[in-house]
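To start, the structure itself, in structure tokens.
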Amino acid sequence: GNQVRLVNQVNTVLGDVNAETLNVNVTGNLADADGTVITVNGTSNLTASGDIVLDGINGVSTHQLGEVTASAGNVNLVANDMLINQIAAQSTITLQSNGQITDANAAGVNLIAEQVQLTAQTGIDLDLQAEVLNIVNTTSGEVNIENTEVVLVELLRNAGGDITFENQQQVTIDRIETAGHLDMTIRNGDIRGEGLTPAHTEADADIVAASADFLALRGSFGTLSRPIVAYIPGDITVFSRISFSPVFLPTEPLDRIADTSLLKFSALDTLSSLAGEQVVEVESLDDVDPAIFTNIQNYNMSDIAIRMPKDQLFEDETE
């Protein structure tokens, strides 16, 4: 039933801790010594003006993190199951779990940082406020992520189950990979690919999944110059404001793909439209007068002269 409370004005290194609750507030960095075992049966609240780096908080099967704040640094934690209320860092949050990383505060944001790096074995379920994501679940369970910011997904991988990803703003994808189903919803922005268009292979694709649903009602799926490349052998649905020539592999069967976007453009169609070009079907070449392929200034048809517009007349013909 004991509580541990520590307030320190310098860099702090923790030794072994066995407590019901742990409250630490330090100026500077907070770390633990090599071989330290931190056992907290209740909730840990940690605050530091620098970095928080703890890799010994594995004395219990589930470690509950209340408020963890590194106001001018990074947070790096290693534990078994993690139950998270809120962690905030100025730069990067790195969490490594031997089990699962889950949400303890229901409606609130769990992780706030420029960059979030997560590794778990049996599932991840969190609300984020981040600009760069690198998330891996290695064994089993589902990955459920909600994020609020314009974000670059460097890596989002689930080796053992489905991925549900919801973002409030634009998302740019370097690599998303799941052994199961991908459900992606973007509320107010585009779904874009990072860098140049990758090779049309499973190893290089932006997205790899068994099946997928994409929703971007107020944005585009890909861009004119950079289509999304996805390796998805199962059913695919796309519903966006504009769908730009997505490449789905394997290419057959086509009937597994349902793209019901409000507008669907290919690069060729769009360029032709911008140039004002039209394709006209004719019965045969006999229907086409060869004169249309020349830069004409005047034109005679049989014995009848046709006066051309002023911009196609020579000056001496105006008299």
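Going through the stretch 154-168 one residue at a time, which ones are in a strand (DSSP E or B), within 16 Å of residue 236 (Cα to Cα) and not hydroxyl-bearing (Ser, Thr, Tyr)?
163, 165
In the stretch 179-207, which residues are assigned to a strand (DSSP E or B), within 18 Å of residue 220 (Cβ to Cβ) and among the charged types (D, E, K, R)?
Selection gives 192 alone.
Return the only residue of 196, 182, 217 being buried (at least 17 other Cβ atoms within 10 Å of the Cβ) and of a type in the set (A, V, I, L, M).
Matching residue, one of 196, 182, 217: 182.
What's the number of the condition residue 209 fails, among (1) in contact with a Lys or Arg (Cβ under 9 Å, 6 or more places away or on another chain); (2) buried (at least 17 other Cβ atoms within 10 Å of the Cβ); (3) not β-branched (Val, Ile, Thr)?
Every condition holds for residue 209 apart from (1).
Just wondering, is there one or more residues in the stretch 169-178 that are within 24 Å of residue 220 (Cβ to Cβ), assigned to a strand (DSSP E or B) and among the basic types (Lys, Arg)?
no
Against the condition crowded, with 17+ Cβ neighbours inside 10 Å, farther than 29 Å from residue 233 by Cβ, at pLDDT 95 or above and within 13 Å of the chain's Cα centre (by Cα), how does residue 117 come out, does it pass?
Judged against the criteria, residue 117 is not a match.
Step by step: first the residues of the stretch 198-229, then only those that are touching an Asp or Glu at 6+ places or on another chain (Cβ under 9 Å) and among the polar types (S, T, N, Q), then the one that is farthest from residue 153 (Cα to Cα). Which residue is that?
Here the residue is 211.
Those residues that are within 15 Å of residue 111 (Cβ to Cβ) and not hydrophobic (A, V, I, L, M, F, W, C), I need them from the stretch 145-165; list them, please.
Selection gives 146, 147, 148, 149.
If you take the residues in the stretch 219-269 that are among the basic types (Lys, Arg) and not in a loop (DSSP other than H, G, I, E, B), which one is modelled with the lowest pLDDT?
264
Which residues, counting only those in the stretch 108-138, are closer than 19 Å to residue 64 by Cα, in a strand (DSSP E or B) and among the polar types (S, T, N, Q)?
Of everything in the stretch 108-138, those that are closer than 19 Å to residue 64 by Cα, in a strand (DSSP E or B) and among the polar types (S, T, N, Q) turn out to be 117, 119.
Within the group 105, 80, which residue is outside any loop (DSSP other than H, G, I, E, B), out of contact with any Phe, Trp or Tyr (no Cβ under 9 Å at 6 or more places or on another chain) and surrounded by fewer than 24 Cβ atoms within 10 Å (Cβ to Cβ)?
After ruling out the rest, the residue left standing is 80.
The values are calculated or read from the model by the stated rules, or taken from the named source; none is laboratory data. Since the structure is predicted, the reported quantities are computational estimates derived from the model, not experimental observations. All Cβ positions, even for glycine, are placed from backbone atoms using ideal geometry, and neighbour counts span all protein chains on display.
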